[in-house]
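Scroll down for the structure; my scribbles are underneath it.
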Amino acid sequence: MSTSTSADAENGGICVFLCDLWAVFGRVGGSSIQHPEDPPATLGEMATPGFDIVDGVKIGGGSRPVYIAGPCVVESRDFLVDVAGRVHEIAASHGVPVVFKSSFDKANRSSESSFRGPGEEQGLEALAEAKRVTGLPVITDVHHPEQATRAAAVADVLQVPAFLCRQTDLLHACGQTGLPVNVKKGQFLAPEDMANIVEKIRATGNRRVLLTERGSTFGYHNLVVDMRGLPTMRAFAPVVFDATHSLQLPGGLGHATDGARQFHGPLARAAAGAGVDGFFIEVHPNPPAALSDATTQLSFDEFDRLIAQLEAVSKAVREVAE
């Protein structure tokens, strides 16, 4: 066989191999994955109508991004009020809408000795005080159906943790409060799988559902973010990008989760470029000393700089998408 004939055969084999790969992987997830021959959807076509996440603050439907920001966990009442004040101040300096977040109980910490928070009663009291002092709306997560009504007495938005995102009773309980419900996408789910979760909440008559992308499991001790999942999920609910939990390296420290905080800017800016409807950002006055997620929370200065970057990118995206 001549050299040219041999090269042609080899190249032909490579082409067949690549075509076979496309046949297998290009159709993962069914019709929700676009193929090269399909016309590209615009950001507007991918987005669902927005709604008021709190009075006067709309999320989705082409509105400017909403920021969900605060410390990972309630470390103390005074701590929470102080952090809420700084978050309010920074958000106001940029003129952006913000919902203050924190957890009263981190029920899924890595080890038995990890700090979980003050518990439901004291945690909700601290959130209520932060809300009273700053005037900020608040969001917190619930782990059991019976917590939903009690948390709804304080919170303006309820959140379902990623590990519990398919728990039907929990989703129904949150939906039945009538409050907006933010569901974190499980690290084990494909983006299109979240459509079923949205329908579970909407079955209660509650249409105010948003979804948060926080990374997907990629082997052991690692998460990756597939940016294609953001427009995929925006087809059935407004989508928030979690700029800090996406940095986690689960279990990477053995007794706790490690993280790669240095990538918060590139990932968050990429999500802004994909046209997300909001950003979830955990902030702490001294991240290395945080009692939870010390390797991924941002400082106030980092939070301040990141908002400026995300606003610039999001504004450009809205302009070109019109």
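Miscellaneous remarks
- 5 angstrom amide H check on residue 160, placed H, neighbours 5+ away: 182, 183, 184
- Separation of alpha-carbon centers, the range 59-92 and the range 169-213, rounded to whole Å: 22 Å
- For the range 155-165, 3J(HN,Hα) per residue [Karplus equation, 6.51 cos²θ - 1.76 cosθ + 1.60, θ = phi - 60°, Hz, x = Gly/Pro]: 6, 9, 9, 9, 10, 9, x, 4, 5, 10, 5
- Sorting 140, 177 by the number of Cβ atoms found within 10 Å of their own Cβ, with the fewest placed first, yields 177, 140.
None of the figures in this text is laboratory data; all of them are computed from the coordinates on show. Bear in mind the structure is a predicted one, so any value in this text is a computation, not a measurement. Every residue, glycine among them, receives a Cβ derived from its backbone with ideal geometry; neighbour counts consider all protein chains shown.
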